[in-house]
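Peer 1: Right, I'll just put the structure down here and ask away after.
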Amino acid sequence: MSTVTFEAPRGMRDFYPEDMVWRNRIFDAWRAAAERAGFRNYDACVVESLELLQRKSGEEVSEQIYAFEDKSGRKLALRPEMTPTLARMVAARQTRLPFPIKWYTIAQCFRYERMTRGRKREHYQLNMDIIGSEEVLCEAEILGAAVAAMRAMGLGDEAWRIHVSSRALLGELLAKSGIPEAQHPAVFIALDKRGKISDEEIAALLRVEGLDDAAVAKTFELLSVTTLDEAAALAGADSPAIANLRDLFALAEQMGYGPLLTFDIAVIRGLSYYTGIVFEAFDVQRKFRAIFGGGRYDSLLALVGGQPTPAVGMGFGDVVVGEVLREALGETCPVTRHGYAIGYMAAEQRGAAVALAARLRAEGHAVDLALLPQKPKHFFSKAGASAAKFAVFLGPDDLAAGTAQAKDLETREITPLPL
């Protein structure tokens, strides 16, 4: 028999307790930020219809995901993202939902693709979506919640930025350059590969789509625009896309995160369903992949069979932000100490330790109760490495006095604790 491997399958992850500290830090920040901004929690099955995913992304999606047939011959897949599932769920109850709706979920997603730094074959992802409104305030609300989550995780504003652009704006500029609208989706897909492949390879992709050399040159010229004012000069004073972007930047200032936004015409987003404002967040040194990204997708519900409905959303994966946090905060996750660790010297003190633990737990405190008698040195060493704020070690003298000593593991102060 072959030796059983103890490694997780390639691209998958195990989470030991020390890993869960990081994951909980991220998840807690996500959940608190989303709920504080008024988003309601939802969830869905992890197995999705392959037809739904193909309708959204095309036949080639089967090569990029975990697709399979069940015993009844149904073509299924592990979800690679949450947006198609959300669209399906909303379409199923579209006549009964009180639009606009603000929903969020923390979902595990799977993609069978080549792994690079910041990309696994499974990851957890915060999705926040607002469906049923064309107002730019929707984009501002989603970005505000994402900013709140980043700050709650402990990442300073100086360490990262949100790059903002608009598919609609780039479409306007391409049209003014004489590039037909029918070719715009292919141009978006090609330009989204910038930084991943050479400009020569991108130019070749554009020529395959029918762009001549002049149109290719004009496309790259547009990407040299660096400010919103420059883009506005090209688009014209009556550009709806420019008006929406200016509105977003103004709202961000009012909501307290204006300095984090920067205009970046090169932000395109690879998925074809985006229709308006798009955004991606990066560390300022651009050492990592995008921390989160998203944008407006007003046509997706109709694409899956629902009624046309405006929508905007974002995805915020745990892999990249985990790496960014470790870079900024160190490999050991900062822990907020709370609760008690309780130990005892001999079997004679076990009953008192159990009774004390039960009382403190009933009062709402977390208590890690030792399961065996220990020597004081061993107990305090283990308690110091835990998340407990107080350590209580019971010996015969404590029982005789009827009082234990609670040691604050941060300040080393001792507080009497009646038994």
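The values are calculated or read from the model by the stated rules, or taken from the named source; none is laboratory data. Since the model is a prediction, treat every value here as computed from it, not as a measurement. Using ideal geometry, Cβ is built from the backbone for each residue, glycine included, and neighbour counts are taken over all protein chains shown. Note: accessible area is taken over every heavy atom of the protein model, side chains too, but ligands, DNA and RNA are not part of it. Shrake-Rupley method; radii C 1.70, N 1.55, O 1.52, S 1.80 Å.
Peer 1: Is one or more of the residues making up the range 242-249 of a type in the set (Val, Ile, Thr), in a helix (DSSP H, G or I), touching a residue at least 12 places away in the same chain (Cβ under 8 Å) and touching a Gly at 6+ places or on another chain (Cβ under 9 Å)?
Peer 2: Yes: the range 242-249 contains one or more residues that are of a type in the set (Val, Ile, Thr), in a helix (DSSP H, G or I), touching a residue at least 12 places away in the same chain (Cβ under 8 Å) and touching a Gly at 6+ places or on another chain (Cβ under 9 Å).
Peer 1: Take Arg151 and decide whether it is among the basic types (Lys, Arg), surrounded by fewer than 17 Cβ atoms within 10 Å (Cβ to Cβ) and in a helix (DSSP H, G or I).
Peer 2: Yes; evaluated as a whole, the condition is true for this residue.
Peer 1: Please report, ordered by residue number, the strands (runs of 3 or more DSSP E) entirely within the range 35-143 with at least 2 residues that are among the charged types (D, E, K, R).
Peer 2: Working: elements: 47-49, 67-69, 75-78, 101-110, 122-131.
Counting at least 2 such residues, we get 122-131.
Peer 1: Name the one entry in Glu135, Glu139 that is surrounded by 21 or more Cβ atoms within 10 Å (Cβ to Cβ), under 19 Å from Arg296 (Cβ atoms) and not β-branched (Val, Ile, Thr).
Peer 2: Glu139
Peer 1: Still on this structure: Using beta carbons and a limit of 7 Å, which pairs, at least six apart or on different chains, have the first residue in the range 172-193 and hydroxyl-bearing (Ser, Thr, Tyr) and the second one open to solvent by 60 Å² or more (accessible area, probe 1.4 Å)?
Peer 2: Ser177/Lys218
Peer 1: Take the residues of the range 102-122 that are under 28 Å from Glu139 (Cα atoms) and among the basic types (Lys, Arg): which is surrounded by the fewest Cβ atoms within 10 Å (Cβ to Cβ)?
Peer 2: Of the residues in the range 102-122, the ones under 28 Å from Glu139 (Cα atoms) are 102-111, 118-120, 122.
Checking the rest, the ones that are also among the basic types (Lys, Arg) come to 102, 111, 119-120.
Working: Lys102: 19, Arg111: 20, Arg119: 15, Lys120: 18.
Of everything passing the filter in the range 102-122, Arg119 is surrounded by the fewest Cβ atoms within 10 Å (Cβ to Cβ).
Peer 1: Within the range 164-192, how many residues turn out to be open to solvent by 50 Å² or more (accessible area, probe 1.4 Å) and not in a helix (DSSP H, G or I)?
Peer 2: Residues in the range 164-192 being open to solvent by 50 Å² or more (accessible area, probe 1.4 Å) and not in a helix (DSSP H, G or I): 2 in total.
Peer 1: Quick test of your reading of the structure: Ile202 fulfils all but one of (1) modelled with pLDDT of 85 or more; (2) closer than 28 Å to Asp238 by Cβ; (3) open to solvent by less than 10 Å² (accessible area, probe 1.4 Å). Name the failing condition by number.
Peer 2: So Ile202 meets the others, but not (2).
Peer 1: Return yes when Val278 is crowded, with 20+ Cβ neighbours inside 10 Å, touching a Cys at 6+ places or on another chain (Cβ under 7 Å) and modelled with pLDDT of 95 or more and no when it is not.
Peer 2: No.
Peer 1: Moving to a separate point now. Among the residues of the range 264-281, are any over 26 Å from Thr226 (Cα atoms), in contact with a strand residue (DSSP E or B) (Cβ under 7 Å, 6 or more places away or on another chain), of a type in the set (A, V, I, L, M, F, W, C) and outside any loop (DSSP other than H, G, I, E, B)?
Peer 2: Within the range 264-281, not a single residue is over 26 Å from Thr226 (Cα atoms), in contact with a strand residue (DSSP E or B) (Cβ under 7 Å, 6 or more places away or on another chain), of a type in the set (A, V, I, L, M, F, W, C) and outside any loop (DSSP other than H, G, I, E, B).
Peer 1: Scanning the range 1-12 for residues that are open to solvent by less than 60 Å² (accessible area, probe 1.4 Å) and either touching a residue at least 12 places away in the same chain (Cβ under 8 Å) or part of a helix (DSSP H, G or I) (or both), which turns out nearest to Arg114 (Cα to Cα)? Break it down into steps so the answer makes sense when it comes.
Peer 2: Initially, the range 1-12 is screened for residues open to solvent by less than 60 Å² (accessible area, probe 1.4 Å), giving 8, 11-12.
Narrowing further to those that are either touching a residue at least 12 places away in the same chain (Cβ under 8 Å) or part of a helix (DSSP H, G or I) (or both): 11-12.
Details: Gly11: 9, Met12: 13 Å.
So the residue we want is Gly11.
Peer 1: Among the residues of the range 155-184 satisfying the criterion of being in contact with a Lys or Arg (Cβ under 8 Å, 6 or more places away or on another chain) and at pLDDT 90 or above, which is farthest from Leu206 (Cα to Cα)? Please lay out each step first, then the result.
Peer 2: Just the residues of the range 155-184 that are in contact with a Lys or Arg (Cβ under 8 Å, 6 or more places away or on another chain), to begin with: 157, 167, 177-179.
Cutting the leftovers down to at pLDDT 90 or above gives us 157, 167.
Details: Asp157: 37, Arg167: 17 Å.
Looking at residues that are in contact with a Lys or Arg (Cβ under 8 Å, 6 or more places away or on another chain) and at pLDDT 90 or above, I get Asp157.
Peer 1: Would you tally the residues in the range 110-167 being under 19 Å from Phe263 (Cβ atoms) and among the polar types (S, T, N, Q)?
Peer 2: 2
Peer 1: Further question: If a residue must be open to solvent by less than 60 Å² (accessible area, probe 1.4 Å) and under 18 Å from Arg350 (Cβ atoms), how many such residues does the range 404-419 contain?
Peer 2: Residues flagged as open to solvent by less than 60 Å² (accessible area, probe 1.4 Å) and under 18 Å from Arg350 (Cβ atoms) within the range 404-419 amount to 2.
Peer 1: Quickly run through the range 236-251 and pick out the residues that are more than 17 Å from Leu143 (Cβ to Cβ) and open to solvent by 50 Å² or more (accessible area, probe 1.4 Å).
Peer 2: Result: Ala237, Asp238, Pro240, Ala243.
Peer 1: So which pairs qualify, if the first residue must be in the range 327-338 and within 20 Å of Val284 (Cα to Cα), the second must be modelled with pLDDT of 90 or more and surrounded by 11 or more Cβ atoms within 10 Å (Cβ to Cβ), the Cβ gap must be under 7 Å, and the two must be at least 6 apart or on different chains?
Peer 2: Ala328/Leu155; Ala328/Ala159; Leu329/Gly154
Peer 1: Also: Considering only residues that are small (Gly, Ala, Ser) and over 30 Å from Arg151 (Cα atoms), look in the range 36-71 and name the one that is modelled with the lowest pLDDT.
Peer 2: Step by step, filter the range 36-71, then rank; the result is Gly58.
Peer 1: Go through (1) modelled with pLDDT under 85; (2) open to solvent by less than 30 Å² (accessible area, probe 1.4 Å); (3) under 22 Å from Arg286 (Cα atoms) and name the single condition Gly195 misses.
Peer 2: The failed condition is (2).
Peer 1: Any idea how many residues of the range 30-39 are surrounded by fewer than 21 Cβ atoms within 10 Å (Cβ to Cβ) and either of a type in the set (Phe, Trp, Tyr) or closer than 29 Å to Tyr66 by Cβ (or both)?
Peer 2: 1
Peer 1: Which condition breaks for Ile26 when tested against (1) modelled with pLDDT under 95; (2) closer than 28 Å to Met153 by Cα?
Peer 2: Among (1) modelled with pLDDT under 95; (2) closer than 28 Å to Met153 by Cα, the lone unmet condition for Ile26 is (1).
Peer 1: While we're on this one: So in the range 90-101, with the set limited to residues that are open to solvent by 50 Å² or more (accessible area, probe 1.4 Å) and not hydroxyl-bearing (Ser, Thr, Tyr), which one is nearest to Gly294 (Cα to Cα)?
Peer 2: Across the range 90-101, the extreme among qualifying residues is Pro100.
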